[in-house]
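*Asks:* First, the structure itself, so that you have it in front of you.
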There are 2 protein chains.
Amino acid sequence: MSIKYDEGLGKFENWIVKETNFDINYLGKCEAIMSLGNGYLGIRSAFEESYIGETRNLFVSGAFNRFHESEVTELPNAADITNLDIKINGETFNLLTGKTKDYSRELNLKTGELTRSVTWESSKKENFKLVFKRFVSLKDLHLIGMKVEITPLDSDAKISIVSGIDGQQSNSGTQHFYEGEKRFYNKKFIELIQTTTESEIDFIFYTVHNGYGNDIKTVNKTNMKIERRAIFEDTEINLKKNDKFEFEKLSLVYTTRDLEFSIKNSEYTGKYSSEELRTSALKEIRKNSLSKIKYYSEKKYEELFEESKNELEKKWINYAITIESENNFDQLALRFAIYHLIVMTPAHDSRYGIGAKGLSGEGYKGHSFWDTEIFILPFFSYTDPDIARKLLEYRYHTLEGARKKAIENGYEGAMYPWESAWMNDGEVTPIWGPVDIITGTAIKIWSGFIEQHVTSDIAFAIWQYYMITKDEEFMESFGYEVLMDTAKFWASRLEWVVGKNRYEILDVIGPDEYKEHVDNNAFTNYMAKWNIDLAIKYYENLKENKKEIFSKLNEKLGLEKAYSTWKDVLDKIYIPAPNEETLLIPQDDTYLKKEIIDLTKYKNQENVGSIFEDYNLDQVSDIQVSKQADIMTLFYLLENNFSYEVKKANWNYYEPKTLHDSSLSLSTHAILANDISDTELSYSLFKKASQIDLGTNMKTSDHGIHAASFGGLWQSVVCGFGGVRMLEGILRINPRLPKQWKNLEFSIIWHNNKLQIKITHSLLKIIKLSKNQDLIEIEIFDEIYKLHDEINVEIGAN
Amino acid sequence: MSIKYDEGLGKFENWIVKETNFDINYLGKCEAIMSLGNGYLGIRSAFEESYIGETRNLFVSGAFNRFHESEVTELPNAADITNLDIKINGETFNLLTGKTKDYSRELNLKTGELTRSVTWESSKKENFKLVFKRFVSLKDLHLIGMKVEITPLDSDAKISIVSGIDGQQSNSGTQHFYEGEKRFYNKKFIELIQTTTESEIDFIFYTVHNGYGNDIKTVNKTNMKIERRAIFEDTEINLKKNDKFEFEKLSLVYTTRDLEFSIKNSEYTGKYSSEELRTSALKEIRKNSLSKIKYYSEKKYEELFEESKNELEKKWINYAITIESENNFDQLALRFAIYHLIVMTPAHDSRYGIGAKGLSGEGYKGHSFWDTEIFILPFFSYTDPDIARKLLEYRYHTLEGARKKAIENGYEGAMYPWESAWMNDGEVTPIWGPVDIITGTAIKIWSGFIEQHVTSDIAFAIWQYYMITKDEEFMESFGYEVLMDTAKFWASRLEWVVGKNRYEILDVIGPDEYKEHVDNNAFTNYMAKWNIDLAIKYYENLKENKKEIFSKLNEKLGLEKAYSTWKDVLDKIYIPAPNEETLLIPQDDTYLKKEIIDLTKYKNQENVGSIFEDYNLDQVSDIQVSKQADIMTLFYLLENNFSYEVKKANWNYYEPKTLHDSSLSLSTHAILANDISDTELSYSLFKKASQIDLGTNMKTSDHGIHAASFGGLWQSVVCGFGGVRMLEGILRINPRLPKQWKNLEFSIIWHNNKLQIKITHSLLKIIKLSKNQDLIEIEIFDEIYKLHDEINVEIGAN
């Protein structure tokens, strides 16, 4: 096994993801899981030296570009600043040549620093110690710091390092930038400015190198090089045996889509309405950032890293979660999940969302899915509501695109895109996917057309956020409008079936994407009805209590007419009920009639999607097999609607048929397993979920980490084992720890009050940290408690 | 030394360029010098497996595209079909891991096959023998054949090979293609169709794999994969110890710019005037090529290779040249030059020219320079006039662009672009070059604006071709028009200098590109005058003898008016004469007044251009230093205009100041050294010229081979040592062999008669191979001979 995790030796307290030997097979995986970022930008952790199969990625959140109208918009892979081409005594430093000794690569989740240490024996049998360090600043979102220390152990050495800004990158061959401008200032400060081809965003890079030896700046000679799309400096030094050379590289990244620049543009889009505006914005960015890189150039790596570390530590205090488990890995896995939630989330800007792979890979093109609302958002709603609000504001900003999509499909209201990118992009789901083994052509992706539940998922997340935070201001500015407009969509989406005398929702994809073109997917129908029902309630409430808001919205959306439709259709919406005998809810109209086959082979698969080696999608569609949690997700979101017995019966039927071929699946099943009292199974599903990225499976993370799974993992701990739920606006906490855990401790923010929650097998302790007079109503094991300072509830054996 | 050349062991007769051990430092060089092609397409010889620093290139001649208006058009790097990702017992085959034994890579110039043989010891200490073979067909210009043979030597083995069509390539990051269509037919035949972004040329690829073992088709399992811009097949087989697995890959490449398809389009440009036309052309190509790949799939590699080899051997019979030298390398170097002239030249089409790097690299973007006319064309005019004619017709097809350039610059007639691409592209010289070490910005490239001598170089090549071939039909259809229109340009380009009462040519770059913005570059002025003088002669001749042609041209170009201008200006053009005392001709008005510095360091440089590590271009401009042959080229082209003494005096002055920082330089100096009787020096310059690509210098050929140097090398043998010249329409042969050579034998075609020429130190033998009654007038050592069947001339000591 190549990847090891710190086993909790005290010193690091489970903060370290560590690779203890170099294995080229884990190249892509480690690039992704060890990626760095700060929500503004993300860098995949490719090595400084190059390897075949590597993927160098630098993404700036929200800076989308579309290569051609036949493709969809995506986050462009910007210039690389991480590559260092190091030659020692004429030989290129590379771990595939010579010998690698004492190798260690560590991502420190607490500090956000990536380090690597290695003793390298060159093919001439000379030994060199190399230490690499790297961080993406949490203090200055534009700053990236790198450092390499080289010490010759056997004899004097001649070192050369070619380093600079390399704009020859692409997204798997798709080039989003024009050639660009390249320049050296004072023969030292390196500039690259490249513009995206369609969105016309300028990316501005600055880099500076400093070499230190014996505590003074020391470099023999540098050569400047300008190449196609790239600008480099070649630094040469002669080094005595045992003398350490410290080479520091600081880089700054800006774009003209950055909020501080594009805010000056009336359109707020980052696309300048005139060439003059753009030129003057660029001029200002260049001036400021050139003086900033000069300022940083006088500082050392350690100082700048310290500043970033301090920022990150503040976040860790807020997000702290402690798991005392017999498996130290559990604690690490949670921190790993939260680390990635921190570095991937654009907390600084509400004009774009979280990508399904964060900023750690090209997978899913930086697009946002229901992953954010259903899987990630609860983490922020409960622990950092400002960020949750920004993420929901993003959906408000995309209303224009959602309305356009509704109109184009012949519906009303807001039909949210399955995949979402820049504010007014609308639907950006690609049309073509991987190969169909029967026809030999690419599979058509139907999600952008008929996977429609995302619209109610967003409504649900808004309501959930509102219930947790009581952020009335958000609702008035943004939330109510989305709730009304999504309900309008669903009302128009319903189809009246004459013979059955009811409204149905035909031809959709539910959460289980192995079933395309199904009628009355239970999840979709329940959530659509819930969405309309909620809109009715808020309509009545606003009309009664907030007349100004009501009349504004009514004018904008035609609410009165919509309301009468809602009232009319609500009870006529077909909601698949549990069968009276079996208690089974059909996942859709035909699922239960399909062929049942032996799925053992696929349940035990090493890689997801192995069923497609034997069947194509059409064939899979005809089998009782599910990609991921479908009805279980419904049970989780609307849990009060279903009895324990119904949950259990459906679990027993659907779980064995669910392959968990989506990273969204395991954490939901982990929670549901606990809900039906199988904590042992729940823990084993939690373990599996925690290994989606951190496991030793080689290739699973090549295209990037699984953002939703991190939010899911947090939920499986806090909402699953911790038992925290918001139900009909009430906070309920029914903890149920697995036997491997001794103690679970975390905090949430409920109605603006910070609550510290400590759980053992025998006690639930809740401390209100906010010093105020608020009384918090909490339901615990079917009893209502009023929390003022602290409550302690004994947990019986159950 | 890593690269070895076959030392003439009899069997291969100096046909082999061989690499005898794997050295990653020669990656780029060997990719270029061992590149394969057929004039329609060229493939850089990157290894089947991947290495950092490799460049995979597949170019189709003439299929230019322009990424953006800020860049110039270039040959796009099309999809790669050479990469094979081979895994043996789970380990990726790569020469940087494990151990490499018995390595040998050979380019056979005679057969056009590239082979590699290696015994690879995996890191598990298991040995495997691998043999790779590859050819680009000379029989079917669209066909590429590849083969790998794998034999496990120590135990049974599991082999997997991922292979297909990979369109993720780019030109150093610049992407010229849209995503494209990908498809498998019959789960076997792989298709990729990609369209260029601006020129809208469709590239159509087909690939098929066949596996053979124990003489039957044998493959365990294949998986199909469709990725972004790429389509692959994963072939798996289990192999017994000592059993050989033969894996063959055949590929076809077409474009909608191919003559046979675009000829149907009225515009002849390959850009279809309507979507209907394009769709129907594509449909036809797909149908034909799919049935063709199916047909080829039934054949074996060896059979298809044999057909290609036979075609190439026909060419070798025509281009045969024998050097009996004490250095076997001399023979190899000539064959190497001719091999590349064969594989790079688009003999099948006159709508584009030869790129300065052939089809072997991205350098110079596939553009044509004066390199073709002055350095390469004599080879074809003397040995394969049909191809020479096609290359000159290309310049005729570009007249529209040349006229446009003249008008844009305020001149008349045809002002040929310094760099030329597709027919009507006009000037395509990029504006920005490498870094200026003083300013830190990119250097402005002035050649496209003021390096104007290319216009008379083209006129010269036409005249030379005409004199050698007597191809009157070509002149009437194309040649006269170019000669008249280039003369018109020069007449309009002259500037009357009042004080001096003469016409001058101010602000140009001559052949020596280290001197920008000079006045009265001797080469430029002499050649301009020569161009006008020639036009006058042909004007008078046409008017007198070819009235119909004359009146057509007169009407089109306004010749009568032009003629009176030419007559008026001719004797007033300033031609820098040799100084009466020193006999020196000033290279330009200021050269001889510039600073003289010690150039020893740069004359002894290992890499070209080392002077720029110490000076920027402005500073170099102020020193008496030349990049390349300038006045020497003039002496070579218009040799009758200058006395032996003038040549010698100028040689002694300029040669020590010439750094040969251009690959066009050495061969010209080699010829001139012989002209001034220094055969020893001439041979040493020839040796240097023959090592421009074949030498052991690591990096010189990274961006591609040096096309002009091959033509130059041929000239330095045939026109230098062989003494063959066309002077005022007369064939003159004054051979002068270096002492290292015993015998030189070659053939030329003069006025449609094939002459076999054999030269020793004591005898010149000329045999007319064409059996006809023609009498050929030849001047040999100042005497005129009439050749009917054969002449033998004794060579005295000189």
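*Asks:* Does any residue of segment B:129-143 turn out to be within 14 Å of chain A (Cβ to nearest Cβ), of a type outside the set (Ser, Thr, Tyr) and surrounded by fewer than 21 Cβ atoms within 10 Å (Cβ to Cβ)?
*Replies:* For segment B:129-143, residues within 14 Å of chain A (Cβ to nearest Cβ), of a type outside the set (Ser, Thr, Tyr) and surrounded by fewer than 21 Cβ atoms within 10 Å (Cβ to Cβ): absent.
*Asks:* Here's something else I'd like to know. Among B:Trp496, B:Trp530, B:Trp463, which is the only one that is open to solvent by 10 Å² or more (accessible area, probe 1.4 Å) and outside any helix (DSSP H, G or I)?
*Replies:* The match here is B:Trp496.
*Asks:* Kindly indicate whether B:Gly112 is under 33 Å from the mean Cα position of the chain (by Cα), under 18 Å from B:Tyr301 (Cα atoms) and more than 14 Å from every other protein chain (Cβ to nearest Cβ). It would help to see each step written out before you state the result.
*Replies:* Numbers: under 33 Å from the mean Cα position of the chain (by Cα): yes; under 18 Å from B:Tyr301 (Cα atoms): yes; more than 14 Å from every other protein chain (Cβ to nearest Cβ): yes.
The answer is yes for B:Gly112.
*Asks:* In addition: So which residues in segment B:105-161 are within 16 Å of B:Tyr339 (Cβ to Cβ) and hydrophobic (A, V, I, L, M, F, W, C)?
*Replies:* Correct list: B:Leu107, B:Leu109, B:Leu114, B:Phe135, B:Val136, B:Leu138.
*Asks:* Spot the failing condition for B:Glu779; the list is (1) touching a strand residue (DSSP E or B) at 6+ places or on another chain (Cβ under 6 Å); (2) within 17 Å of B:Thr469 (Cβ to Cβ); (3) open to solvent by 10 Å² or more (accessible area, probe 1.4 Å), and only one is missed.
*Replies:* Unmet condition: (2).
*Asks:* Any idea how many residues of segment A:39-77 are assigned to a loop (DSSP other than H, G, I, E, B), over 22 Å from A:Thr429 (Cα atoms), more than 10 Å from chain B (Cβ to nearest Cβ) and of a type outside the set (Asp, Glu)?
*Replies:* Residues that pass the stated criteria total 8.
*Asks:* If I ask for residues that are more than 10 Å from chain B (Cβ to nearest Cβ), under 30 Å from A:Ser274 (Cβ atoms) and hydrophobic (A, V, I, L, M, F, W, C), which ones from segment A:184-216 would you list?
*Replies:* A:Leu192, A:Ile193, A:Ile201, A:Phe203, A:Ile204, A:Phe205
*Asks:* Within segment A:547-576, how many residues turn out to be under 14 Å from A:Ala487 (Cβ atoms) and open to solvent by less than 60 Å² (accessible area, probe 1.4 Å)?
*Replies:* Total meeting the criteria: 12.
*Asks:* Could you grab me the full set of residues in segment B:149-158 that are of a type in the set (A, V, I, L, M, F, W, C) and surrounded by fewer than 24 Cβ atoms within 10 Å (Cβ to Cβ)?
*Replies:* If the condition is that a residue be of a type in the set (A, V, I, L, M, F, W, C) and surrounded by fewer than 24 Cβ atoms within 10 Å (Cβ to Cβ), then B:Leu153, B:Ala157 are the ones that fit.
*Asks:* Only residues that are in a loop (DSSP other than H, G, I, E, B), modelled with pLDDT of 95 or more and more than 27 Å from the chain's Cα centre (by Cα): list them for segment A:164-186, please.
*Replies:* Listed by number, the list holds a single entry, A:Tyr178.
*Asks:* So B:His660 passes all but one of these: (1) on the phi > 0 side of the Ramachandran plot; (2) touching a residue at least 60 places away in the same chain (Cβ under 8 Å). Which condition number does it fail?
*Replies:* (2)
*Asks:* In segment B:104-113, what residues are open to solvent by 10 Å² or more (accessible area, probe 1.4 Å), assigned to a strand (DSSP E or B) and within 27 Å of B:Ile317 (Cα to Cα)?
*Replies:* B:Glu106, B:Asn108, B:Glu113
*Asks:* So for segment B:187-200 (the condition being assigned to a strand (DSSP E or B), in contact with a helix residue (DSSP H, G or I) (Cβ under 6 Å, 6 or more places away or on another chain) and buried (at least 18 other Cβ atoms within 10 Å of the Cβ)), does at least one residue qualify? Write out each step before concluding.
*Replies:* Start the filter on segment B:187-200 by keeping residues that are assigned to a strand (DSSP E or B), which leaves B:189-196.
Filter once more, so that each one left must be in contact with a helix residue (DSSP H, G or I) (Cβ under 6 Å, 6 or more places away or on another chain): B:189.
Remaining after also requiring buried (at least 18 other Cβ atoms within 10 Å of the Cβ): B:189.
Within segment B:187-200, one or more residues are assigned to a strand (DSSP E or B), in contact with a helix residue (DSSP H, G or I) (Cβ under 6 Å, 6 or more places away or on another chain) and buried (at least 18 other Cβ atoms within 10 Å of the Cβ).
Yes/no per residue for (1) surrounded by fewer than 24 Cβ atoms within 10 Å (Cβ to Cβ); (2) under 22 Å from B:Ala320 (Cα atoms); (3) within 30 Å of the chain's Cα centre (by Cα):
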| residue | (1), (2), (3) |
| --- | --- |
| B:Ser690 | no, yes, yes |
| B:Gly711 | no, yes, yes |
| B:Gly722 | no, yes, yes |
| B:Ile730 | yes, no, yes |
| B:Arg736 | yes, yes, yes |
| B:Glu783 | yes, no, no |
| B:Asp789 | yes, yes, no |
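*Asks:* Identify all residues within segment B:65-93 that are more than 31 Å from the chain's Cα centre (by Cα) and open to solvent by less than 20 Å² (accessible area, probe 1.4 Å); write none if there are none.
*Replies:* Correct list: B:Ile86, B:Ile88, B:Phe93.
Table: residues versus (1) more than 28 Å from A:Thr633 (Cα to Cα); (2) crowded, with 20+ Cβ neighbours inside 10 Å; (3) at pLDDT below 95.
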position: A:Val482; (1), (2), (3): no, yes, no
position: A:Asp485; (1), (2), (3): no, yes, no
position: A:Ala491; (1), (2), (3): no, yes, no
position: A:Gly510; (1), (2), (3): no, yes, no
position: A:Glu516; (1), (2), (3): no, yes, yes
position: A:Leu542; (1), (2), (3): yes, yes, no
position: A:Asn545; (1), (2), (3): yes, no, no
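*Asks:* Also, I was wondering about something else. Search segment A:84-103 for residues being within 10 Å of chain B (Cβ to nearest Cβ) and polar (S, T, N, Q), and hand back the single one that is farthest from A:Leu143 (Cα to Cα).
*Replies:* A:Thr97
*Asks:* Restricting to segment A:160-183, and then to whatever is more than 8 Å from chain B (Cβ to nearest Cβ) and closer than 10 Å to A:Ala230 by Cβ, can you tell me which residue is surrounded by the most Cβ atoms within 10 Å (Cβ to Cβ)?
*Replies:* Among those that are more than 8 Å from chain B (Cβ to nearest Cβ) and closer than 10 Å to A:Ala230 by Cβ, it is A:Gly164.
*Asks:* Can you tell me how many residues in segment B:336-357 are buried (at least 23 other Cβ atoms within 10 Å of the Cβ) and among the charged types (D, E, K, R)?
*Replies:* The qualifying residues number 1.
*Asks:* Looking only at segment B:429-459, count every residue that is among the acidic types (Asp, Glu) and touching a Pro at 6+ places or on another chain (Cβ under 8 Å) and tell me the total.
*Replies:* Pass one, segment B:429-459, residues among the acidic types (Asp, Glu): B:436, B:451, B:457.
Narrowing further to those that are touching a Pro at 6+ places or on another chain (Cβ under 8 Å): none.
Summing the residues that are among the acidic types (Asp, Glu) and touching a Pro at 6+ places or on another chain (Cβ under 8 Å) in segment B:429-459 gives 0.
One line per residue, one yes/no per condition, for (1) at pLDDT 90 or above; (2) open to solvent by 10 Å² or more (accessible area, probe 1.4 Å); (3) closer than 26 Å to A:Thr439 by Cβ; (4) in a loop (DSSP other than H, G, I, E, B):
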| site | (1), (2), (3), (4) |
| --- | --- |
| B:Thr235 | yes, no, yes, no |
| B:Asp243 | yes, yes, no, yes |
| B:Glu267 | no, yes, no, yes |
| B:Arg286 | yes, yes, yes, no |
| B:Ile293 | yes, no, yes, no |
| B:Lys299 | yes, yes, no, yes |
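*Asks:* Moving to a separate point now. Counting residues that are within 14 Å of chain A (Cβ to nearest Cβ), which helices (runs of 4 or more DSSP H) fully inside segment B:585-689 reach at least 1?
*Replies:* B:617-621
*Asks:* Have a look at A:Asp598, A:Asp622 and point out the one that is touching a Lys or Arg at 6+ places or on another chain (Cβ under 7 Å) and open to solvent by 20 Å² or more (accessible area, probe 1.4 Å).
*Replies:* A:Asp622
*Asks:* Another question, if that's okay. Within the group B:Ile443, B:Ile437, which residue is assigned to a loop (DSSP other than H, G, I, E, B), within 14 Å of another protein chain (Cβ to nearest Cβ), in contact (Cβ under 8 Å) with a residue 12 or more places away in the chain and not polar (S, T, N, Q)?
*Replies:* Answer to the selection: B:Ile437.
The values are calculated or read from the model by the stated rules, or taken from the named source; none is laboratory data. Just so we're clear, the structure is a prediction, and the values are computed from it rather than from any experiment. All Cβ positions, even for glycine, are placed from backbone atoms using ideal geometry, and neighbour counts span all protein chains on display. Calculation scope for accessible area: heavy atoms of the full protein, side chains included, ligands and nucleic acids excluded. Shrake-Rupley method; radii C 1.70, N 1.55, O 1.52, S 1.80 Å.
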